[in-house]
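Undergrad: Here you go, one structure.
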Amino acid sequence: MKIEKEKEIEKEKKKIMTILKRKMGFVPKPLEDMSNLNMDMLKRYLEEKQIAYSGTNLDNKTQVFIALAVGIALDSPGCIMSGLNFAKKYGATVEEIMELYSVVKFSKASSSISSFANAMECLLENE
């Protein structure tokens, strides 16, 4: 009984990995690792992804640009490569992607100024 269950899980894992590779162009290592550790967790993650991208108010390219921007801002190589692959799939140009990067880079730098605001006030008060 246990062996049958393990075979069923392995078959499901192989199917999911094949779908991910077809859709993304590659299988991100963290998702592969998750599939080896907890298939139920991976399935929930993929269900949540499907829900997140099922909205109708943003087109696919805009959704992917948001995901790519977040991946860049959070320094997540897997999210960046996934977002890049999907951005290209939905017609993003090199110029658009580089402009997106420029905006993210500026926004991330601006947040560091914002984060340091209280410290700057303290420095000014102690002059």
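The values are calculated or read from the model by the stated rules, or taken from the named source; none is laboratory data. A quick note: this is a predicted structure, and the numbers were derived from the prediction, not measured. When we count neighbours, we look across all protein chains shown, and the Cβ atoms used for this are built from the backbone with ideal geometry, even at glycine.
Yes or no, residue by residue, for (1) touching a helix residue (DSSP H, G or I) at 6+ places or on another chain (Cβ under 6 Å); (2) over 23 Å from Glu32 (Cα atoms); (3) not polar (S, T, N, Q):
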site: Val64; (1), (2), (3): yes, no, yes
site: Ala87; (1), (2), (3): yes, no, yes
site: Met98; (1), (2), (3): no, yes, yes
site: Ser111; (1), (2), (3): no, yes, no
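Undergrad: Kindly provide the set of residues from segment 19-51 that are of a type in the set (S, T, N, Q) and under 15 Å from the mean Cα position of the chain (by Cα), ordered by number. So that I can check it myself, show each step before the final result.
TA: Start the filter on segment 19-51 by keeping residues that are of a type in the set (S, T, N, Q), which leaves 35-36, 38, 50.
Of everything in segment 19-51, just one residue is of a type in the set (S, T, N, Q) and under 15 Å from the mean Cα position of the chain (by Cα), namely Gln50.
Undergrad: Taking segment 52-67 as the region of interest, how many residues are loosely packed, with under 13 Cβ neighbours inside 10 Å and either among the hydroxyl-bearing types (Ser, Thr, Tyr) or over 14 Å from the mean Cα position of the chain (by Cα) (or both)?
TA: 7
Undergrad: If you don't mind, there's one more thing I want to ask. Scan segment 12-25 residue by residue and report those that are out of contact with any helix residue (DSSP H, G or I) (no Cβ under 7 Å at 6 or more places or on another chain) and surrounded by 10 or more Cβ atoms within 10 Å (Cβ to Cβ). Quick ask: steps written out before the conclusion?
TA: First, pick out the residues of segment 12-25 that are out of contact with any helix residue (DSSP H, G or I) (no Cβ under 7 Å at 6 or more places or on another chain): 14-15, 18-19, 21-23.
Once the filter is applied, which keeps residues that are out of contact with any helix residue (DSSP H, G or I) (no Cβ under 7 Å at 6 or more places or on another chain) and surrounded by 10 or more Cβ atoms within 10 Å (Cβ to Cβ), segment 12-25 yields Lys14, Lys15, Thr18, Ile19, Lys21, Lys23.
Undergrad: Scanning segment 93-104 for residues that are within 28 Å of Arg22 (Cβ to Cβ) and hydroxyl-bearing (Ser, Thr, Tyr), which turns out surrounded by the most Cβ atoms within 10 Å (Cβ to Cβ)?
TA: Tyr101
Undergrad: Those residues that are modelled with pLDDT under 95, in contact with a Leu (Cβ under 8 Å, 6 or more places away or on another chain) and small (Gly, Ala, Ser), I need them from segment 79-127; list them, please.
TA: Selection gives Gly83 alone.
Undergrad: Examine segment 71-92 for a residue that is out of contact with any Gly (no Cβ under 8 Å at 6 or more places or on another chain), outside any loop (DSSP other than H, G, I, E, B) and exposed (fewer than 10 other Cβ atoms within 10 Å of the Cβ), and state whether such a residue exists.
TA: No, segment 71-92 contains no residue that is out of contact with any Gly (no Cβ under 8 Å at 6 or more places or on another chain), outside any loop (DSSP other than H, G, I, E, B) and exposed (fewer than 10 other Cβ atoms within 10 Å of the Cβ).
Undergrad: Against the definition (assigned by TED's automatic domain parsing to the domain that holds Glu8 and within 30 Å of Lys13 (Cβ to Cβ)), how does Asn38 come out, yes or no? Walk me through how you get there before you give the answer.
TA: Values: assigned by TED's automatic domain parsing to the domain that holds Glu8: yes; within 30 Å of Lys13 (Cβ to Cβ): yes.
Yes: the conditions hold for Asn38.
Undergrad: Is there a residue being without any contact (Cβ under 8 Å) to a residue 24 or more places away in the chain and of a type in the set (Gly, Ala, Ser) anywhere in segment 91-99?
TA: Within segment 91-99 (the criterion being without any contact (Cβ under 8 Å) to a residue 24 or more places away in the chain and of a type in the set (Gly, Ala, Ser)), the answer is no, since none of the residues qualifies.
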